[in-house]
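The values are calculated or read from the model by the stated rules, or taken from the named source; none is laboratory data. The shown structure was predicted, so the numbers you read here are calculated from the model rather than taken from an experiment. Here the Cβ is made from the backbone with ideal geometry for all residues, glycine too, and neighbour counts use every protein chain on show.
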């Protein structure tokens, strides 16, 4: 019998990306965002836009990181200079180096490991940057490096079906026994569904489901862990 496989996105799935983002902008501007969720959703949207431009070689990575926060702040009526954007990026990167897996997720990983569940990571982004998050979160304790697929290394990015096929070939997965857990409806849920995988959407920033229909939806870390453990029983 083929074992169930659970693959995770990293950003905003295995840690809350809004925390370092909001903390960094507060450090640079001296004030908290008036509406942290709106600020983060706007930043996240521009991050995705800039990622697509860097993936297609239409923009330098460094410049994309400056523009995403400038566009965010401009849209919110609080424009910032290039220098402030650079300071934001520096502060944000420093805070990312301190991210940790929560006790709730740590316990879930332990239980999945003991059950013999195949685990992996499928994440978009620069190779060294995303691999660093994998290491800092301590995921190597449960997920071997060979089960970590990063878009820059793989040559394909979510939601491309090819990115999911790379995971299948590398880890010996079958679509009908594989689940994708992530926060992005387009990249994680839409891409995995197109590849024939099962899907669990981690919606902890209040997004709407739109055209994509995940098989499961969790609105908190605890709920996400409970549903995952139910899947593998």
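Of the helices (runs of 4 or more DSSP H) that lie entirely inside the stretch 115-233, those containing 2 or more residues that are in contact with a strand residue (DSSP E or B) (Cβ under 7 Å, 6 or more places away or on another chain) and either at pLDDT below 95 or crowded, with 18+ Cβ neighbours inside 10 Å (or both) span 127-136, 161-171, 191-194, 221-231. Criterion first (part of a loop (DSSP other than H, G, I, E, B), in contact with a helix residue (DSSP H, G or I) (Cβ under 6 Å, 6 or more places away or on another chain) and touching a residue at least 40 places away in the same chain (Cβ under 8 Å)) does residue 80 satisfy it? So residue 80 passes the test. None of 68, 41 is under 19 Å from the mean Cα position of the chain (by Cα), more than 25 Å from residue 219 (Cβ to Cβ) and in a helix (DSSP H, G or I) except 68.
If you check 107, 37, 84, which single one turns out to be within 26 Å of residue 202 (Cα to Cα) and either buried (at least 20 other Cβ atoms within 10 Å of the Cβ) or outside the structural domain of residue 182 (by TED's automatic domain parsing) (or both)?
On the way: 107 fails: either buried (at least 20 other Cβ atoms within 10 Å of the Cβ) or outside the structural domain of residue 182 (by TED's automatic domain parsing) (or both); 84 fails: within 26 Å of residue 202 (Cα to Cα).
Going through 107, 37, 84 in turn, the sole match is 37.
Test residue 99 against the stated conditions and say whether it is in contact with a strand residue (DSSP E or B) (Cβ under 8 Å, 6 or more places away or on another chain) and within 21 Å of residue 123 (Cα to Cα). Taking the combined requirement at face value, the residue satisfies it.
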